[in-house]
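What follows is a single structure, written as structure tokens, with notes after it.
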Amino acid sequence: MGAIYFHIPFCKQACHYCNFHFSTSLKYRKEMLQSLIDEVALRKNELPDEPLHSIYFGGGTPSLLRPEEIGYLLDAVGKNFRFSSAIEITLEMNPDDYVAGYFDAIKKVGVNRLSVGIQSFFEEELQQMNRAHTAQDAYNVMEGMKKHFDNFSLDLIYGMPGSNLERWQKNIDIALSFSPPHISSYALTVEENTALAYQVEKEQVTLLPEEMVAQQFDRLVSCLTEVGFDHYELSNFGLPHYHSVNNSAYWQGKPYLGIGPSAHSFYTNKRSWNIANNKKYIQGIQAKQPLIEREELSKIDQYNEFVMTGLRTEKGVALQDIKERFGVKFAQLFEEQVEKHLTHQHLFWDGDTVKVSQKAKFLVDGIASDLFLLKLE
Ligand code: SF4
């Protein structure tokens, strides 16, 4: 099982909370497209010789490319890899890029799943985040997408400054009114070197108290699970048979190849990432020497990652899996480390597997980090 991720490093404008790699200048658009195509061929041996299960266009804003350009990228993949018959091909899009005929065109080149960055259906929240779309754009894209795609997802952000439970509830209700089979939802976080970090530092923006953010998360979980969604990963909810193949591949440690500036790759415990600079990325590809940094994960790194992803997903962390993958010593340490979180009822045993209790899900990243090993004692 292999997956390819394309990072399309262009955006119309910078959302205030975002620290992904992108440029608001389309100066190198043509060269970028060619470089993405060339990188696929240059790095085709960096995945196992197996059919691909997922191709994902993320960014940045992939919907800034024309559908036929997405088609050129898919052709490049088709020339170098085999596709599984059930391949999931996802494109992230922003509501302001929706124009008449878009969905038919994007379907025609092979995309079979869309993920739309709605974030909020409220104008003031969109403006506060400096999103490029309006609330009306959000409604329009959802209406159109529902008619053309069976498999789609939308992103929503909770914990917005100035928001409250009622407004959040309305966002959830509006989202559900479009009967989406999948929703991804993230808490607003303050990342370094973003406009939001500056605004918070200058006290121009006051963040929501943590308890309110946690309440919004709990509300999300209860509303979505009540109507049949599986809460299959901390930030991801899907109806049965609509869990994202792409995301699940990451969490299961499956190999993936990241194409484009700043894209990450993973295969046989080796991780690599491309340079996060559009011009240098293109120069590297043109010289047939991609600018890539690589690292090999130690056994302890692999274990820590295994614990983090396991606890974030509904699957949990099975003791037998730790024994088989890392050995008895790791399993003993894991059992000792989870003890105090059992007392606080943050974690519980489900047979041989440790899972996160409902009340502690919001805290899962902190709990998982607390279980990390720094060295084998
Ligand atoms: S559109 Fe997406 S990638 Fe671009 S700035 Fe906004 S959040 Fe970041």
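The values are calculated or read from the model by the stated rules, or taken from the named source; none is laboratory data. Keep in mind that this is a model prediction, so the values were computed, not measured. Note that we place each Cβ from the backbone using ideal geometry, even for glycine, and neighbour counts take in every protein chain shown.
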Checklist line | Pair list, Cβ under 6 Å, 6 or more apart: segment 36-60 residue over 29 Å from C18 (Cα atoms), other residue charged (D, E, K, R) | finding: P51/R82
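Give the number of residues within segment 283-298 that are part of a helix (DSSP H, G or I) and in contact with a helix residue (DSSP H, G or I) (Cβ under 8 Å, 6 or more places away or on another chain). Give the derivation first.
If we filter segment 283-298 for residues that are part of a helix (DSSP H, G or I), which is where we start, we get 283-286.
Still in the list and also in contact with a helix residue (DSSP H, G or I) (Cβ under 8 Å, 6 or more places away or on another chain): 285-286.
Of the residues in that region, 2 qualify.
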Notebook entry, point to check: When you look at Q337, is it more than 19 Å from the chain's Cα centre (by Cα), in a helix (DSSP H, G or I) and modelled with pLDDT of 95 or more, yes or no?
Noted result: no
Check: Given segment 80-164, what helices (runs of 4 or more DSSP H) lie entirely inside it while holding 1 or more residues that are buried (at least 16 other Cβ atoms within 10 Å of the Cβ) and of a type in the set (S, T, N, Q)?
Finding: 123-129
Notebook entry, point to check: For N304, all conditions in the list (1) over 30 Å from T225 (Cα atoms); (2) outside any loop (DSSP other than H, G, I, E, B); (3) polar (S, T, N, Q) hold save one; what is the number of the exception?
Noted result: (1)
Margin query: Can you say whether F83 is of a type in the set (F, W, Y) and within 16 Å of the ligand (Cβ to nearest atom), as far as the supplied structure shows?
Written below: no
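Residues checked against (1) outside the structural domain of K147 (by TED's automatic domain parsing); (2) buried (at least 19 other Cβ atoms within 10 Å of the Cβ); (3) closer than 24 Å to G366 by Cβ:
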position: P180; (1), (2), (3): no, yes, no
position: L207; (1), (2), (3): no, no, yes
position: R219; (1), (2), (3): no, no, yes
position: V227; (1), (2), (3): no, no, no
position: S244; (1), (2), (3): no, yes, no
position: R271; (1), (2), (3): yes, no, yes
position: N274; (1), (2), (3): yes, yes, no
position: N278; (1), (2), (3): yes, yes, no
position: Y281; (1), (2), (3): yes, yes, no
Margin query: Being away from the ligand (no atom under 16 Å from the Cβ), under 29 Å from Y72 (Cβ atoms), under 21 Å from the mean Cα position of the chain (by Cα) and modelled with pLDDT of 95 or more is the requirement here; does N112 meet it?
Written below: yes
Check: Which condition number does M129 fail, the rest of (1) away from the ligand (no atom under 13 Å from the Cβ); (2) under 20 Å from I183 (Cβ atoms); (3) among the hydrophobic types (A, V, I, L, M, F, W, C) being met?
Finding: (1)
Next item on the list: Go through (1) polar (S, T, N, Q); (2) surrounded by fewer than 19 Cβ atoms within 10 Å (Cβ to Cβ); (3) outside any loop (DSSP other than H, G, I, E, B) and name the single condition S248 misses.
Entry: (2)
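Here's a check for you: in segment 18-76, which residue that is in a helix (DSSP H, G or I) and touching a Pro at 6+ places or on another chain (Cβ under 8 Å) is farthest from the ligand (Cβ to nearest atom)? Give the derivation first.
If we filter segment 18-76 for residues that are in a helix (DSSP H, G or I), which is where we start, we get 29-42, 44-46, 62-64, 67-76.
Filter once more, keeping what is touching a Pro at 6+ places or on another chain (Cβ under 8 Å): 32, 39, 42, 70.
Values: M32: 15, E39: 20, L42: 25, I70: 17 Å.
The residue in question is L42.
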Next item on the list: Could you pull out the residue among Y242, Y267, Y256 that is within 27 Å of A318 (Cα to Cα), at pLDDT below 95 and not basic (K, R)?
Entry: Y267
Notebook entry, point to check: So N151 clears everything in (1) touching a helix residue (DSSP H, G or I) at 6+ places or on another chain (Cβ under 6 Å); (2) more than 16 Å from the ligand (Cβ to nearest atom); (3) under 24 Å from A100 (Cα atoms) except one condition, right? Which one?
Noted result: (1)
